[in-house]
Amino acid sequence: MDIRFEQVDFTYQPHTPFEQRALFDLNLTIENGSYTAIVGHTGSGKSTLLQHLNALVKPTKGTVTIGDRVIVPETNNKNLKPIRKKVGIVFQFPEAQLFEETVAKDIAFGPKNFGVSGEDAARLAAEMLELVGLDASHLERSPFELSGGQMRRVAIAGVLAMEPEVLVLDEPTAGLDPQGRKEMMEMFQRLHEERGMTIVLVTHLMDDVANYADHVIVLEQGQIVKAGTPQEVFQDIDWLKEKQLGVPTAATFAEKLLAKGFSFEELPLTADAL
Ligand code: ADP
C-alpha cells in the first residue's frame, strides 16, 4: 500500500488568533515496502506529518491517499477505522499508554477492539510478544513491573498486534541504552525484511538513517527541503553543514563515513558497519 500526499497544508486552530500553519504544500509518496526516514529540527512538522499517515488528522488543504482511501479536508470522520488498522503508529514513549493489568491483555486490547475473538487476540498477543523479543513468561505479568525497555517492547507489540501494513515510528529508541537501541532497530529491520512491512521512521540519529533507510525526507518549517536516497542526502555535505541537522549533525556524520572509508554508494550500510 502506498501513501501519497498531494499539495497538503495543515493548520492548527485555523481562523483563530492561535492559528499555526504546520505543513506547507507537501508532496510525497511513501512507497509500499520502503523504509523512509523523516528528519528535521523540532517544530519542523514531523509529528504533524505522521498524524496524517493514518488519518488521525485530515489535511486543511490537499489530498492524502492511504492505499485506496482518499482523505481530503471534507472527509467524514466515520469509517476511518480500517486505515488505523493498516497504518500502526508508535508514538514517542509509547509505554506511557500501557494500562491493562497484564501484558497479554494490553497487547490484545487493540485487536479485540476491532472485533477479533478473545482466543485469536490471545494468540496474537503471544506471537507479538515473541516478535518483540520477550518470552511467554511475561504474558501474565503486570506491564508496570517491567523495565522501561521491556515496557516499550510491550507497547510496540500492541501496535503490531493490529497487523499493520505500515509501521510508523516516532523516535522509537529515545531513552534506550545503546544495546537496547540496536536490538530495537534490528527488530524493525526484521519486520521490514521478513514481513515486507513498510517503515516510516522519525529520527535525529544519523547512523540509523544511514544503516536502515532507503529514502530520506528532510523537513524544515513545514516544508520538504530535501528528499531522496540516503546517498543523495548525505553526499550534499555543504548543504548539510548549513542545516545543522541531527545528532551528530548530518554533515559531521557524512564526513565520518568518508573518513572510515565508506562511500555514499554503499548506503544503507549493514547494521554493524559503524
Ligand atoms: P516536530 O514533530 O517536527 O517537532 P510538530 O509537527 O510538532 O513538529 O510541529 C509543527 C508546528 O506546529 C510547530 O510550529 C508547532 O509549534 C506547531 N504545533 C504542533 N502541535 C500543535 C498544536 N496542538 N497546536 C498548535 N500548534 C501546534
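Which residue out of 4, 69 is more than 12 Å from the ligand (Cβ to nearest atom), without any contact (Cβ under 8 Å) to a residue 60 or more places away in the chain and surrounded by fewer than 18 Cβ atoms within 10 Å (Cβ to Cβ)?
Checking each option against the conditions leaves just 69.
Could you pull out the residue among 169, 129 that is buried (at least 21 other Cβ atoms within 10 Å of the Cβ), touching a His at 6+ places or on another chain (Cβ under 9 Å), outside any loop (DSSP other than H, G, I, E, B) and modelled with pLDDT of 95 or more?
Being buried (at least 21 other Cβ atoms within 10 Å of the Cβ), touching a His at 6+ places or on another chain (Cβ under 9 Å), outside any loop (DSSP other than H, G, I, E, B) and modelled with pLDDT of 95 or more holds for just one of 169, 129, which is 129.
Against the conditions (1) more than 19 Å from residue 130 (Cα to Cα); (2) of a type in the set (Lys, Arg); (3) away from the ligand (no atom under 16 Å from the Cβ), where does residue 152 fall short? Just the number, please.
(1)
Have a look at 139, 176 and point out the one that is touching a residue at least 12 places away in the same chain (Cβ under 8 Å), surrounded by fewer than 21 Cβ atoms within 10 Å (Cβ to Cβ) and farther than 27 Å from residue 42 by Cβ.
139
In region 179-274, which strands (runs of 3 or more DSSP E) lie fully inside it and hold 2 or more residues that are surrounded by fewer than 16 Cβ atoms within 10 Å (Cβ to Cβ)?
223-228
Taking residue 86, is it among the charged types (D, E, K, R), more than 16 Å from the ligand (Cβ to nearest atom) and in contact (Cβ under 8 Å) with a residue 24 or more places away in the chain?
Answer is yes for this residue.
Got a number for residues in region 7-37 being near the ligand (Cβ under 9 Å from one of its atoms) and touching a Gly at 6+ places or on another chain (Cβ under 9 Å)?
Total meeting the criteria: 4.
Which of (1) of a type in the set (Lys, Arg); (2) in a loop (DSSP other than H, G, I, E, B); (3) under 25 Å from the mean Cα position of the chain (by Cα) does residue 141 not meet, given it meets every other one?
Just one mismatch for residue 141, condition (3).
The values are calculated or read from the model by the stated rules, or taken from the named source; none is laboratory data. These figures come from a predicted structure and were not determined experimentally. We place every Cβ from the backbone using ideal geometry, glycine too, and count neighbours over all the protein chains shown.
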